[in-house]
1. Regarding segment 241-335, what whole-number volume in Å³ per residue does the convex hull of its Cα atoms give?
2. Can you give me the long-range amide H partners of I360? Hydrogens built in the peptide plane at 1.01 Å from N, cutoff under 5 Å, separation of 5 or more residues or another chain.
3. Taking the alpha-carbon centroid of each part, what is the distance from segment 136-201 to segment 330-392 in angstrom?
4. Determine ³J(HN,Hα), in whole Hz, for all residues of segment 204-217 in sequence, where each value follows from phi through the Karplus function 6.51 cos²θ - 1.76 cosθ + 1.60 and θ = phi - 60°; x replaces Gly and Pro.
5. Once phi is turned into ³J(HN,Hα) by the Karplus curve 6.51 cos²θ - 1.76 cosθ + 1.60 with θ = phi - 60°, what whole-Hz value does each residue of segment 372-381 show in order, with x for glycine and proline?
6. If packing is taken as the mean number of other Cβ atoms within 10 Å per residue, what is the order of 340-347, 279-286, highest first?
7. For segment 172-268, what's the relative contact order in percent, using C-alpha pairs closer than 8 Å and at least 6 residues apart?
8. Using the Cα atoms as the points, what is the convex hull volume per residue of segment 202-289 in Å³?
Amino acid sequence: MEALTGGKNTYIIVMFRNEFQKGIIMLHKICRLLTMYVLINLFYPTVSLAAVSPPEVTAKAAIVIEASTGKVLYEKNPDERRYPASTTKIMTLITALEHGNVEDVVSTSANAASTEGSSLWLTPGEKLKMLDMLYGIMLISGNDATVAVAEHISGSVGNFAKLMTEKAHAIGAVNSNFVNSSGLPDPNHYSTARDLARITAYGYKNPLFAQIVGTRHKIIPWPGKDHARDLYNENKILTLMDGGNGVKTGYTEAAGRCLVAGAKRDNVQIITVVLDSDHMWEDSVALLEYGLKQVKTVPMFNQGDVLKTIQVNNGKAPGVQLIINENVVIPVSENDREEFKTIVDAPTKIEAPITSGQKIGKVRILYKEKEFATVDLVAANPVEKKSLFGLLWGSVWSFFTFVIRNFA
């Protein structure tokens with residue numbers, strides 16, 4: 001009986017030990033899995049990042065775009081026709097820069113001086129350089145200055161407004177129509193959030209446009225006064241957020257509070273539009289921050305990358321490499337990297353001599369089949385022309401090889 005009892009006890013102990021060992025092994029596996037999880041989240045935190053949700057905004061219509069591609073990152077009633085108020089002046093600025101001369105002296109008519117609404121305090125007969133007028137238009141929304149500039153360029157506000165509309169349609173803002181240069185209400189004066197974003201993206205391509213809309217403070221002359229005009233930009237986006245660089249406020253009772261805003265960080269330019277907003281500053285900041293989180297720049301080409309090798313006729317080297325002459329980065333959002341395509345436009349052969357850095361072709365970068373950028377291709381190295389002896393020997397050798405191939 002004792003031996004039997006001892007046998008049972010031994011069996012129980014063995015079973016307990018086996019189960020205990022299995023538990024230890026299982027616990028070890030769990031610890032390993034937990035360690036791997038911690039390491040993954042420590043060194044690759046993006047794996048666990050959730051997508052940023054778009055903010056709720058009070059604007060009746062709104063949009064967020066990336067400027068260089070025009071890609072839409074957020075929209076709310078973007079094609080709804082609305083009064084643009086003084087955001088109209090973005091189109092006024094573009095038209096003035098393209099049809100006028102910023103060095104011209106603009107004379108203020110009585111009609112311009114009597115324009116209602118926000119003012120640069122122009123008086124009849126007052127003369128200012130057009131560039132100063134444009135700063136007055138964009139920083140403090142001078143309606144009188146928009147009329148003076150329009151009359152100077154086109155003879156009348158109506159004629160100037162036709163230029164504005166024509167240019168807007170050429171840009172792709174086909175749902176806009178302008179009948180004045182100031183944005184004062186008119187049933188036939190309208191735009192959309194999408195159109196205003198497109199117009200602004202076009203404007204940013206002009207460095208002087210970007211300079212004017214991004215200026216916080218400007219001093220311009222005030223003829224007849226013992227002091228200058230001290231202009232402070234009414235657009236708080238310039239100071240409310242890092243990278244704020246534009247563009248224009250607007251308000252009328254019919255339009256509500258409107259703002260086209262811009263911010264640029266890490267070479268990404270975001271444009272937002274809010275129309276008829278109860279809280280236009282808060283809406284715009286939230287949308288700009290949202291847009292900036294959606295886009296990152298990634299390198300497409302590095303300066304010196306070889307994109308093609310072409311034949312060189314009569315050169316001491318048989319060919320030359322074509323390299324890109326600058327770094328190229330592209331703004332990528334979500335998974336649209338594959339939307340960027342390249343087309344190399346270069347000859348298949350060229351005559352010697354060739355100098356190092358000589359422009360020989362270009363590469364066109366497309367985003368969704370629309371041109372995003374064009375960059376020059378240049379020769380990576382010089383190729384000298386063969387000497388007369390070299391040319392003669394080349395001809396003899398060509399003849400000799402021809403004979404061998406065809407008659408041997």
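1. Values: hull volume 14.0 nm³, N = 95.
Convex hull volume per residue, Cα atoms: 147 Å³.
2. For I360, the qualifying residues are L377, V378, A379.
3. Centre-to-centre (Cα) distance: 40 Å.
4. Working through the residues one at a time gives 4, 5, 9, x, 6, 4, 4, 5, 5, 6, x, 7, 7, 8 Hz.
5. Once rounded to whole Hz, the list reads 9, 7, 10, 10, 5, 10, 10, 5, 6, 8.
6. Numbers: 340-347: 13.5, 279-286: 20.4.
Peptide ranking by packing, descending: 279-286, 340-347.
7. Numbers: 120 pairs, mean separation 18.2, N = 97.
Once normalised by length, the contact order is 19 percent.
8. On the way: hull volume 10.9 nm³, N = 88.
In segment 202-289, the Cα convex hull volume per residue is 124 Å³.
Throughout, read-outs are computed from the coordinates displayed, never taken from laboratory work. Worth saying up front: this structure is predicted, and the values here are computed from it rather than measured. Neighbour counts run over all protein chains shown; Cβ positions are idealised from the backbone, glycine included.
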